[in-house]
Amino acid sequence: MPLFSKKSPAKPTPIAAQKSDAKQQRAALNAKKKAKKQAQFQTMLDEEEEELKKRNANYAQVSAYQKAHEHDEKKAPAGVFVAAEHLNKIYSNRVQAVSDLSIDIKKGEFIVLVGPSGCGKSTTLRMLAGLEDITSGDLYIDGEYANNLAPIDRGVAMVFQSYALYPHMSVYENMAFGLEGLKTREFVRDAAGNQVLDKNGKSLIKRRSLTKQEIDERIQDAAKKLQITEYLQRKPTQLSGGQCQRVALGRAVVRHAKIFLLDEPLSNLDAKLRVQMRSELIRLHEELGNTMIYVTHDQTEAMTMANRIMVMNKGKVQQIGTPHEVYDSPANVFVATFMGSPTMNILPAHYDQGKISFPDEKQAILSKGQIQATKAYFAERKRFLDQDIARLNHLNPEEKKTVLYSVDDLLSAERKELIEAEGFLATGVADFYFGIRPEDMAFSKSKETSLLVKVDVAELLGAEYSIHFQLSKKEVVARVSADELIKNGDTGYLSFVKEEVHLFDKVTQKRIF
């Protein structure tokens, strides 16, 4: 018999068992969290891989297009000073910054490129200046094919967001710095003053440096136009922000460039000075008569300064037109909601035989002209889509390389549009976006309409109120007369100026009328 009896293992106490269970639960929970993170990470990797495939396919399409057209005759359009035809910019990581951009600019125009940050405005400007290579497309400046021209030979002058003035130089020296190495082009002439021709009958051109007298004349002339003559001997640190911006403009003016490219030159200035400099730029443009291409994200600058506006979003041109055209007849929902302050109110709406119904059961009636315009829009869309789908279906593989887009993707999108157009023409029923600008609404406490609303916020702006209320479960803003007192919580009746109502296609987001 053993001296010591063998003891049975001790049973775990309730506390030890609870600790063991808690440990197992924590381990299971941590394993679950880890598995979830791994699944999320794998999903992210799969999405990135799919996105990279799409980018590579797009780059291959654009490269094939460029190769197919590289031997085409490079002829500038008649009567156009700057012509951009199907410009594309794709970086080495296959991100497309600018997509199929085309615009014709006349001599002396003031063109404003406007859009949100990252939409491709500055990239477009840099392609025009020659600071970015063009992936595909053609650029003409003053009748000359400019894709391969060096920046110095394009006749452009650029003004940047930052003043980029040399702090150790005076204003005069800053303006002269770019001229000291500048070579001016002039015709070779004989003793009698006649132009000398080469063996092909073309005028011979020589390059020479500017003389000190010519440099001084240019600086004095520019300083007079920009009203900075008294500051020529000062250093940049002794100038205000507005004066520094005038000096930066002066450096562009003294070059006698054909085109001024201005990349958000006023964004570093305060609000009051920005308004003043806008007026200065308009005056300078009228005095010089140069072609100016101006980039900004501020739609107020675009509306007040431009002869024409080019609205961009995600690298694509949304609309090109005069300020009135862009504001009164926006091409799509993006332009409508980007231009204007406050922007256009966009509401989901159901269309049934000319009657508009909102989700909260409020209604509006369209005019006969607007009903006819809606029918005409879809009839024209159906006619175009029928023809274009037939054209795309007959493209052979070689012909598909000559276009800038994926034919299969375009066919899929157009077939979806066609189904919508045919459905509307057959039934007269569809879901649209309803658009109305704040100033095209009226509010009354006594004149009854079908639109009864409650004012959430009433902001008095002097001669008018900006009132905020709910319609279709969305916040709507209206600018109405301050003839009668309006307070928060008031109820009243809303009416629209019928002629100013807009409808947008829900599938394409294009404006119907």
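All of Phe424, Phe434 fail the test of being among the aromatic types (Phe, Trp, Tyr) and either on the phi > 0 side of the Ramachandran plot or in a strand (DSSP E or B) (or both), apart from Phe434. Cβ separations smaller than 8 Å between residues 6+ apart or across chains give the following pairs from the stretch 405-428 residues that are over 29 Å from Tyr65 (Cβ atoms) to residues that are part of a helix (DSSP H, G or I) and of a type in the set (Gly, Ala, Ser): Leu425/Ala379.
With respect to Ile152, is the statement that it is assigned by TED's automatic domain parsing to the domain that holds Asp104, of a type in the set (A, V, I, L, M, F, W, C), over 24 Å from Ile103 (Cβ atoms) and assigned to a helix (DSSP H, G or I) true? Here the answer is no, as Ile152 does not meet what is asked. Being under 27 Å from Ala302 (Cα atoms), free of Cβ contacts under 8 Å to residues at least 40 places away in the same chain and either touching a helix residue (DSSP H, G or I) at 6+ places or on another chain (Cβ under 6 Å) or of a type outside the set (Ser, Thr, Tyr) (or both) holds for only one residue in Leu101, Leu131, Leu87, Leu113, and it is Leu131. For the stretch 283-304, the set of residues classified as over 17 Å from the mean Cα position of the chain (by Cα) and touching a residue at least 40 places away in the same chain (Cβ under 8 Å) consists of Leu284, His285, Glu287, Leu288, Gly289, Asn290, Thr291, Met292, listed by residue number. A Cβ distance below 8 Å, combined with a sequence gap of six or more or placement on separate chains, defines the contacts here; from the stretch 451-465, residues that are free of Cβ contacts under 8 Å to residues at least 40 places away in the same chain and at negative phi reach residues that are part of a loop (DSSP other than H, G, I, E, B) and basic (Lys, Arg) in the pairs Val455/Lys487; Ala458/Lys487. In the stretch 460-474, the qualifying residues are those that are modelled with pLDDT of 90 or more and among the charged types (D, E, K, R), and the one that is farthest from His350 (Cα to Cα) is Glu464. Is the stretch 178-192 home to any residue that is surrounded by 16 or more Cβ atoms within 10 Å (Cβ to Cβ) and over 24 Å from Ile228 (Cα atoms)? No; the residues of the stretch 178-192 include none that is surrounded by 16 or more Cβ atoms within 10 Å (Cβ to Cβ) and over 24 Å from Ile228 (Cα atoms). Pairs linking a residue in the stretch 160-175 that is within 17 Å of Leu262 (Cβ to Cβ) to a residue that is among the acidic types (Asp, Glu) and in a loop (DSSP other than H, G, I, E, B), with Cβ atoms under 7 Å and 6 or more positions apart or on different chains, are Gln161/Glu264. Restricting attention to the stretch 415-473 and to residues that are more than 30 Å from the chain's Cα centre (by Cα), of a type in the set (Ser, Thr, Tyr) and under 25 Å from Ile371 (Cβ atoms), the residue that is surrounded by the fewest Cβ atoms within 10 Å (Cβ to Cβ) turns out to be Thr427.
Residues in the stretch 39-71 that are without any contact (Cβ under 8 Å) to a residue 12 or more places away in the chain and within 25 Å of Tyr140 (Cα to Cα): Ala60, Glu70, His71.
Within the stretch 147-168, the set of residues being modelled with pLDDT of 90 or more, in contact with a helix residue (DSSP H, G or I) (Cβ under 7 Å, 6 or more places away or on another chain) and farther than 30 Å from Lys75 by Cβ comprises Val159, Leu165, Tyr166, Pro167. The residues in the stretch 230-270 that are of a type in the set (S, T, N, Q), surrounded by fewer than 23 Cβ atoms within 10 Å (Cβ to Cβ) and more than 12 Å from Ser170 (Cα to Cα) can be counted, and the count is 4. For the criterion of being crowded, with 16+ Cβ neighbours inside 10 Å, in contact with a Lys or Arg (Cβ under 6 Å, 6 or more places away or on another chain) and either of a type outside the set (S, T, N, Q) or in a strand (DSSP E or B) (or both), Ala364 fails.
The values are calculated or read from the model by the stated rules, or taken from the named source; none is laboratory data. These figures come from a predicted structure and were not determined experimentally. Here the Cβ is made from the backbone with ideal geometry for all residues, glycine too, and neighbour counts use every protein chain on show.
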